[in-house]
Amino acid sequence: MKGFLVAFAITSIIVSLFFLFKKAGKKGWEAFVPGYNLWVWLKIVDKPWWWIFLLIFPGVNILMVMVMCVNISTVFGLRKWQHVTLAAFAPYFFLPFIAQQKDITYVGPMVKDKKKRSSLLEWRDAIIFAIVAASIIRTYFLEAYTIPTSSMERSMLIGDYLFVSKMSYGPKVPQTPLSFPFAHHTLPLTDNVQSYLEWWRLPYFRLPGFGKVDRNDVVVFNFPAGDTVVLAQQNESYEQIIRDYAFQLKEKDLVRKIEPKEDSYYLNLARNEIWRTQDISIRPVDKRENYIKRCVGVPGDKLEVNRGILYINDKPAEIPKEFQYNYIVKAKDAINRNRLKEDYDINFQDQRRIKGSTGYIMPLTLENYNKLKTQPVVEGVVPAIHFDQLKNLSFWATPYFIEMDPMFYSKYRGVTNRNYPNVDEYNWNVDFFGPITIPKAGETIELNLYNLPLYKRIIGVYEGNNLSVSDGKILINGEEAKSYTFKMNYYWMMGDNRHNSQDSRFWGFVPEDHIVGEAAFIWLSLDPELGLFDGKIRWNRLFSGIE
């Protein structure tokens, strides 16, 4: 139906141009010649020929067609605000209306003498071309981003403002080009008003770039698990929201000493309840939240995390310079929070005090770990590799460690299954994960009920197949499948702040059509926890590169 509407709109405009060209003294048949018809159109409205190049860029070309439709209205004398509005936003109805009016004649452009142009018109043209130029730059070359969380610290800090290069891997052509300029998925000054229309969707296509995604690149991408969004909890994975709510339902039965049912029962109950009570948005690929992580695995790599150490193809992975783990710090007394901020660059929000003790959990680089453990107030510092590694240490092995942070208790929460692939059969966590092989385009794997959870989302969501299981058989598009050949390349993304990062260990692979660009450089850095005269501007980070 949407395809029909798009085809109708295009046909309606072209047929209208046939009659309007003749009214303007041109030949009607010129309206049907692709490319040439645009050149003739520009001549009629007295606009420069090079505007044709602006029509090459998807997204930008829609804005330019709106401008040209307004211009074609004005050259036929229809210049009131009602005419301009209809020409811009409903040309498929308004242009046919103009074309069939017998008394409509060509009167030429509004202003021939540039000296007589009003300041309002000058401002209008300046704004239009500023929007067009900025849209081209933002979509195809460089786009500005802000770091909102600590998942990449200390490589990238909360409050870093950076530019992302779209040319590094080739810019993606917008898949939903009918959108409000400069807005991502929500209109400015609104909480949940969609900023785009889905009447016209383009297939995934990437223009040529300077290279491909390599290991250790810092990459911006569309959040793969962000296709379905609970608007009241936009920063959380929809599927994890379902699992958490299902756990609460199961926990209620356990507290009331009711025999618990199968996990699938609670999951279905939670899903139905959230759809009944919450506002849900379904977002196309290019309108999902933007995430920034380090690419640690490329297509074909074997990946494993063992005791917190990342291995790629059975070898320890390269460690970023500012890499961090969480450490558990036992102190004789409370540690001054300002000192931790000033001397060790630990954000106030990351200084987590262990309830009822003088212990802390905090992220540290190796350098800061070596510095902190020598301080007189500190009795000991232990890497917070998963709880399993702490159970024989009397001080560290308290139930509170399990309760305080999902990172530490994923395997103890049953139905929640926080770590990918989010099923009981794979009892993985952030420090003991894998081994897993990253899918590569054209590669064929054996498919069975055990490894299906690893690739279920790829087959059914990212690559658009109808996937189901019936009587113990895997069905793809209605036919039994014992193997599968991947259509796209996939990547594995992890944050440098390893114990404080929601990354591929929680939601899996990143498809190539979700890749946005490479983090290029930081142009501004503001510490949100400090005042303007307390060191808010991080001068040493301005116009710095990203390692």
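What are the pairs, 6+ residues apart or on separate chains, where a residue within the stretch 462-475 that is on the phi > 0 side of the Ramachandran plot has its Cβ under 6 Å from a residue that is crowded, with 19+ Cβ neighbours inside 10 Å?
none
Looking at the stretch 508-545 only, could you name the residues that are part of a loop (DSSP other than H, G, I, E, B) and charged (D, E, K, R)?
D527, E529, D534, K536, R538
Here are I274, I258: which of them is hydrophobic (A, V, I, L, M, F, W, C), more than 18 Å from the chain's Cα centre (by Cα) and part of a loop (DSSP other than H, G, I, E, B)?
Just one listed residue meets the conditions, I258.
Considering only the stretch 279-297, how many residues are over 11 Å from the mean Cα position of the chain (by Cα) and surrounded by fewer than 20 Cβ atoms within 10 Å (Cβ to Cβ)?
4
Can you find, within the stretch 104-142, the residue that is modelled with the lowest pLDDT among those that are among the hydroxyl-bearing types (S, T, Y) and in contact with a helix residue (DSSP H, G or I) (Cβ under 6 Å, 6 or more places away or on another chain)?
Residue satisfying both the conditions and the ranking: S135.
Criterion first (modelled with pLDDT of 90 or more, crowded, with 18+ Cβ neighbours inside 10 Å and closer than 27 Å to G517 by Cβ) does N222 satisfy it?
Yes, satisfied.
Looking at the stretch 339-373, which of the residues that are outside any helix (DSSP H, G or I) and of a type in the set (D, E, K, R) is nearest to S150 (Cα to Cα)?
If we take residues in the stretch 339-373 being outside any helix (DSSP H, G or I) and of a type in the set (D, E, K, R), then D345 is nearest to S150 (Cα to Cα).
For the stretch 438-456, state whether one or more residues are part of a strand (DSSP E or B), at pLDDT 95 or above and acidic (D, E).
yes
Of all residues being farther than 18 Å from R138 by Cβ and in contact with a Phe, Trp or Tyr (Cβ under 7 Å, 6 or more places away or on another chain) in the stretch 46-67, which is surrounded by the fewest Cβ atoms within 10 Å (Cβ to Cβ)? Just the residue, please.
W49
Tell me which residues, restricted to the stretch 526-547, are among the acidic types (D, E) and without any contact (Cβ under 8 Å) to a residue 60 or more places away in the chain.
D534
Give just the number: which of (1) in contact with a Phe, Trp or Tyr (Cβ under 7 Å, 6 or more places away or on another chain); (2) part of a loop (DSSP other than H, G, I, E, B); (3) among the basic types (K, R) does R505 not satisfy?
(2)
The values are calculated or read from the model by the stated rules, or taken from the named source; none is laboratory data. Everything numeric in this text was worked out from a predicted model, so none of it was measured. Cβ atoms come from the backbone with ideal geometry, glycine included; neighbour counts cover every protein chain shown.
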